[in-house]
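Asker: Next up is a structure, given as structure tokens.
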Amino acid sequence: MRTAGRLASSNFLDAGLKEFLDSVPARTPAPGGGAVAAVVLSLAAGLTAMAARFAPDDWAQRAEVVGRAEELRARAEPLADDDAEAYGAFMAARTDETVERIVAIPFELAVVAADVAELAAAVAIEGNPNVSGDAAAGADLAAAVASIAARLVEINARDDDPRVTDSRGLAAAAAQAAGRAAASDVS
């Protein structure tokens, strides 16, 4: 239940979907771009795991890919709440520690997103063609998250922070993986 534009629960993962969706446009600082990106990344990893589960029995990588996608989903999920908490702390007091958190969390999103995009591309290319569109959707969503995360890192990091360049590279790699997934979906 929403209270004055806020979720009744402070944990986005415990909120109902409608409650979460209604909280996004509210006049509150969170959930913002990072938290929404984390939720989207969790969904992208979930799509990847689902599509991998439909891969042929003789695809030797199936169990490994499903397991890895589930691991990445588990890493992405708490980043929604982490991002919201970090942004709230940053707005309350702009210290070196709060700045570090609002850079570290989107950087982690970029890392996980690049991994999800690569896995999703492998599933789209090598898995069951009947669900290759789902795998390609996972890759596209992960690439979008990587791009968003790179932008958040760039906005909040100091100019000399190597994570700015690294996150741009991760976003480019995720976009390339999504391109490979999309190309396999139309062949």
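The values are calculated or read from the model by the stated rules, or taken from the named source; none is laboratory data. Given the structure is predicted, the values throughout are model-derived calculations rather than measurements. Neighbour counts are summed over all protein chains in view; Cβ atoms, including those assigned to glycine, are modelled from backbone coordinates with ideal geometry.
Asker: Sort through Val99, Val66, Val103 and tell me the only one that's out of contact with any strand residue (DSSP E or B) (no Cβ under 8 Å at 6 or more places or on another chain), over 15 Å from Leu152 (Cβ atoms) and β-branched (Val, Ile, Thr).
Answerer: After ruling out the rest, the residue left standing is Val66.
Asker: Anything in segment 146-187 that is over 19 Å from Ala35 (Cα atoms) and at pLDDT below 95? List them, or say none.
Answerer: If the condition is that a residue be over 19 Å from Ala35 (Cα atoms) and at pLDDT below 95, then Arg158, Asp159, Asp160, Ala182, Ala183, Ser184, Asp185, Val186, Ser187 are the ones that fit.
Asker: Still on this structure, please answer the following. Could you tell me whether segment 53-67 includes any residue that is in contact (Cβ under 8 Å) with a residue 12 or more places away in the chain, small (Gly, Ala, Ser) and out of contact with any Lys or Arg (no Cβ under 8 Å at 6 or more places or on another chain)?
Answerer: No, segment 53-67 contains no residue that is in contact (Cβ under 8 Å) with a residue 12 or more places away in the chain, small (Gly, Ala, Ser) and out of contact with any Lys or Arg (no Cβ under 8 Å at 6 or more places or on another chain).
Asker: Among the listed residues Ala114, Ala104, which satisfies the condition of being of a type in the set (A, V, I, L, M, F, W, C) and touching a Leu at 6+ places or on another chain (Cβ under 7 Å)?
Answerer: Ala114
Asker: Something else about it: Suppose we filter Val112, Val131, Val145 for residues that are under 19 Å from Ala55 (Cβ atoms) and either of a type in the set (A, V, I, L, M, F, W, C) or outside any helix (DSSP H, G or I) (or both); which single one remains?
Answerer: None of the others qualify; the one that does is Val131.
Asker: Under 8 Å between Cβ atoms, at least 6 apart or on separate chains: pull out the pairs that start in segment 161-177 with a residue that is among the acidic types (Asp, Glu) and end on any residue that is assigned to a helix (DSSP H, G or I).
Answerer: Cβ pairs passing all conditions: Asp161/Val103; Asp161/Val153; Asp166/Phe107; Asp166/Ala110.
Asker: If we keep just the residues of segment 141-156 that are more than 11 Å from the chain's Cα centre (by Cα) and surrounded by fewer than 21 Cβ atoms within 10 Å (Cβ to Cβ), which is farthest from Ala122 (Cα to Cα)?
Answerer: My answer is Ile155.
Asker: Do you know which residues across segment 159-174 are buried (at least 19 other Cβ atoms within 10 Å of the Cβ) and small (Gly, Ala, Ser)?
Answerer: Ser167, Ala171, Ala174
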